[in-house]
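The structure under discussion appears below in the form of structure tokens.
The values are calculated or read from the model by the stated rules, or taken from the named source; none is laboratory data. In this text, all values refer to a predicted model and were calculated from it rather than measured experimentally. With ideal geometry, Cβ positions are generated from the backbone for all residues, glycine too; neighbour counts draw on all protein chains shown.
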Amino acid sequence: MTRLVRFIPVAIFACIAGFLVFGLSNDPTHLPSAVVGKPLPEFQLIDVEDESLLISQDDLVGSYSLINFWGTWCQACHVEHPFLLELAAQGVVIYGVDYKDQLAPAKRWLNELGNPYQRVIFDARGSLGFDMGVTGAPETFLVDPNGVVLHRYQGVLDRAVWEAQFLPLINQ
Amino acid sequence: MAAEIGLLTLWLAFGASISLALFPALGVKLQNPSLMLLGNWFAALVFALLSLSVAALGAAFLADDFSVAYVANHSNTLLPWYYKLTAVWGSHEGSILFQVWILSCWLLALSLGGRSIELAFKAKVFSVLGLVTLALIAFIVFTSSPFERLLPFAPNEGSDLNPLLQDFGMIIHPPLLYVGYVGTAVAFAFAMASLIERRDDDKWAQWAQPWALVGMVFLSVGITIGSWWAYAELGWGGWWFWDPVENASLMPWLVSVALVHSLSVNVQRGIFRSWTVLLAISAFSLSLLGTFLVRSGVITSVHAFATDPERGMFILWILLLVVGGSLFTFALRAPTQAVQRKYGLLSREFFLLLNNLFLVVITFTVLIGTLWPLIADALNWGKISVGAQYFNWVALPIFALTVLTAPMAPFLNWKKTQSNRLTSRIIVPLALALVLALVIGFSGGYHWQGYLVWFSGLAIILASASVPWYSRSKQRGFKSIRATVWGMTFAHAGLGVCVVGVGMTSLESVERDVRMGAGEPVAIGDVSFTVERFYRLDGPNYAAEAADVIVNEGSSVTRLTAEKRRYLASGQIMTEAAVDAGFTRDVYVAMGEQLDNGDWAMRLQVKPFMRWVWYGGGLVAFGALLSAFGRRSRRRETMEVGE
């Protein structure tokens, strides 16, 4: 009898462990980003190419598009840029967000390196970036025609990532 | 470069901990004392290597090496140097590394001290600790290395340390808590070694006692400072939130308290043997469970700074192997020859048993409350969150019972106590407490609950204090009192101080959310608040709105500065509450929102006897420390006498 009593602690632990395993497999915080599955946040920011124009979230809907956060201060964005141009040439709709940057160098960048973007949003203070949970540049979001965010990718977008993570979502 | 050194030494420490687990055990198997002694050396080696590794991470922070991902994510060139250093343990990867390093400090202490421990037993302790160290280092190198590089595109600037963690309390709170968390591993290793040896004496309990006490000291200090940090930094004047992370530290503490009491019965009377072993295993298991809950994100909490399911899976495996394995060993090998010693209801044994039962029941209620959202979710009862109400209603009454055993126990003898002797002794402090409670309650104008709080608090304090009074000898006075008795007195009195602090702040705090303009006084009770001016105040890495508040209280005038900070790198807003700490009350001012005409919404609070919560925690820790080291000096004394 006392022998069996000694198994009570291990039995209790087994129950707890069962719940822990469940909790881990059923983790609601598993979403890679808080904005995935939600519509774009509301914003109104100026256009880098023409400061008199305002861009809002409603201007980005209508087709599958990429929203690419970049900045002239960001070295990795240099590396990413040629691939974005390539994608744009294939007809992929890309909107740029010039993140925590200044207008003059941003314009120079687009003139010198080429412009893959349909429009470029000027997010000098990073407010749109904050709303979308951006932690750095480059970061790229995939948005569906209704303006719902489908995917978020942190880091340099290249062919491998594009084919593995973005294309399957668009083709679905 | 620093990061590579850090990673290399971490891997070397991984190897050293394998040796630590292996060689002493091999020595036991081959009955080779020199192999067993290797444990001391490998323990020191693990410590040295991990120290280098932590130092390397610190160097990477100081050098602003943002090519290291962990540094880039948690530091910034604008961050003051001391926060750069504290960022080492400010987030997941670094904090686990730091935790293992602290475990290695315990290893070092064990290799230097513990000379009275039998060689073969110590070898087993080292082997068990080697396995624990191994598991934790594996966790770091496989799932959460702080030394990962962001190459080839290193950012020019880091993204700053979580502003919540930029506070003095945060500099010292986690290290102390980790020392306590990890310290439970030492008592655990002792218990496991005793199971492995199938010991049927109480020597192991004697050896384990000081280690368990010191672990409890650090847990107490860590929890106390943690609650102080929450109070000073989170900005709404609470000091305990029954948050899963707080519970994760409270549970090992409760069990550790039970353990040190049970150990003392074990040592003195030779009973409660398997119970003590079980407590030692449980304390460590709950520490591991706490780490799991904090790190896996299974239960979300305001404290969860870093969560990741993959890491959770890894810790879960450690948890299953270590806890499952040790409890299973316990089931098979716990001492079966229960020693039968009779004791009455009015005996110290019985009261310590009660204390243990209460503490374990509280631990269970806290555990169930903490895991309840998970259990409910698993059984499809919907998403539930368990609030402070549950804990206050369920755990607090049992806690009150536990508290009541504290003043009684020291008056009781082992085996049994003459009830008339007990009453004649305890009546004096109780009567004194009653008179004082009536005086204080009347002059403070409290409700009957206030009187009750003061009575129970004072009863514990005075009853504890009267123990050395009664047991002093005629010739030598208080000098004859052993350090362990002083330790118990302080620890129990600390509990009483805590009772007053917790009770009075809960019952008598006044909180007011008001609109304040410059120069307009607002009064709470006898305390009057006037904002002198609102202005801008910039720090090294933040910009703040600040308010100078003049607090008038009878004849005394205090000037406080409350701030609302916006951290530049992350844009996070933090409330820096201004607190005027006092012996009998705290005045607390926090800035809310700015209103249309330049006025601010402010939160003003007067919290009577707030400090007593932390004074009490400090006394408990001090008392336990005295007991831990008093035991050593007593052993020396007896040795001298013996010679």
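What to note about this one:
- The set of residues from the stretch B:315-325 being more than 10 Å from chain A (Cβ to nearest Cβ) and surrounded by fewer than 21 Cβ atoms within 10 Å (Cβ to Cβ) comprises B:W317, B:I318, B:L321.
A quick yes/no check of all residues on (1) at pLDDT below 90; (2) closer than 30 Å to B:A388 by Cα; (3) not aromatic (F, W, Y):
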{"site": "B:H447", "(1), (2), (3)": "yes, yes, yes"}
{"site": "B:F455", "(1), (2), (3)": "no, yes, no"}
{"site": "B:L458", "(1), (2), (3)": "no, yes, yes"}
{"site": "B:L507", "(1), (2), (3)": "yes, yes, yes"}
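- Scan of the stretch B:539-569 for residues that are buried (at least 18 other Cβ atoms within 10 Å of the Cβ) and in a loop (DSSP other than H, G, I, E, B), ordered by number: B:N541, B:A569
- Yes/no for B:P373 being in a loop (DSSP other than H, G, I, E, B), within 14 Å of chain A (Cβ to nearest Cβ) and modelled with pLDDT of 75 or more: no
- Test: B:A378 is among the small types (G, A, S), exposed (fewer than 14 other Cβ atoms within 10 Å of the Cβ) and closer than 24 Å to B:L293 by Cβ: no
- Exactly one residue out of B:L263, B:L279 is at pLDDT 90 or above, within 14 Å of another protein chain (Cβ to nearest Cβ) and surrounded by 21 or more Cβ atoms within 10 Å (Cβ to Cβ), and it is B:L279.
- For the stretch B:282-294, a tally of residues being away from every other protein chain (no Cβ under 12 Å) and modelled with pLDDT of 85 or more returns 3.
- Residues that are crowded, with 17+ Cβ neighbours inside 10 Å and either within 13 Å of chain A (Cβ to nearest Cβ) or assigned to a helix (DSSP H, G or I) (or both), drawn from the stretch B:336-350: B:R348, B:E349, B:F350
- For the stretch B:517-529, the condition of being part of a strand (DSSP E or B), in contact (Cβ under 8 Å) with a residue 60 or more places away in the chain and loosely packed, with under 13 Cβ neighbours inside 10 Å holds for none of the residues.
- Residue in the stretch B:410-419 that is touching a Phe, Trp or Tyr at 6+ places or on another chain (Cβ under 6 Å) and either of a type in the set (S, T, Y) or surrounded by fewer than 18 Cβ atoms within 10 Å (Cβ to Cβ) (or both) present: yes
- Once the stretch A:57-88 is narrowed to residues that are closer than 17 Å to A:L167 by Cβ and in a strand (DSSP E or B), the residue that is nearest to the other protein chains (Cβ to nearest Cβ) is A:N68.
- All positions within the stretch B:570-601 that are of a type outside the set (D, E) and out of contact with any helix residue (DSSP H, G or I) (no Cβ under 9 Å at 6 or more places or on another chain): B:A578, B:V587, B:V589, B:A590, B:M591, B:G592, B:Q594, B:L595, B:N597, B:G598, B:W600, B:A601
- Residues of the stretch B:351-364 that turn out to be more than 14 Å from every other protein chain (Cβ to nearest Cβ) and either free of Cβ contacts under 8 Å to residues at least 60 places away in the same chain or among the charged types (D, E, K, R) (or both), as a count: 3
- Filtered residues of the stretch B:25-50 (kept if in a helix (DSSP H, G or I) and over 31 Å from the mean Cα position of the chain (by Cα)): B:A25, B:L26, B:G27, B:V28, B:K29, B:L30, B:P33, B:S34, B:L35, B:M36, B:L37, B:L38
- Unique residue being surrounded by 17 or more Cβ atoms within 10 Å (Cβ to Cβ) and part of a loop (DSSP other than H, G, I, E, B) when the list is B:V386, B:V403: B:V386
- Summed over the stretch B:583-608, the residues that are part of a loop (DSSP other than H, G, I, E, B) and at pLDDT 85 or above give a count of 3.
- Scanning the stretch B:66-123 for residues that are surrounded by 18 or more Cβ atoms within 10 Å (Cβ to Cβ), modelled with pLDDT under 85 and assigned to a loop (DSSP other than H, G, I, E, B) returns B:S75, B:N76, B:L79, B:G90, B:S91, B:G114.
- Checking B:E511 against (1) under 29 Å from the mean Cα position of the chain (by Cα); (2) at pLDDT below 90; (3) not in a strand (DSSP E or B), the condition it does not meet: (3)
- Among residues of the stretch A:42-57, those that are among the acidic types (D, E) and within 18 Å of A:F130 (Cα to Cα), counted: 1
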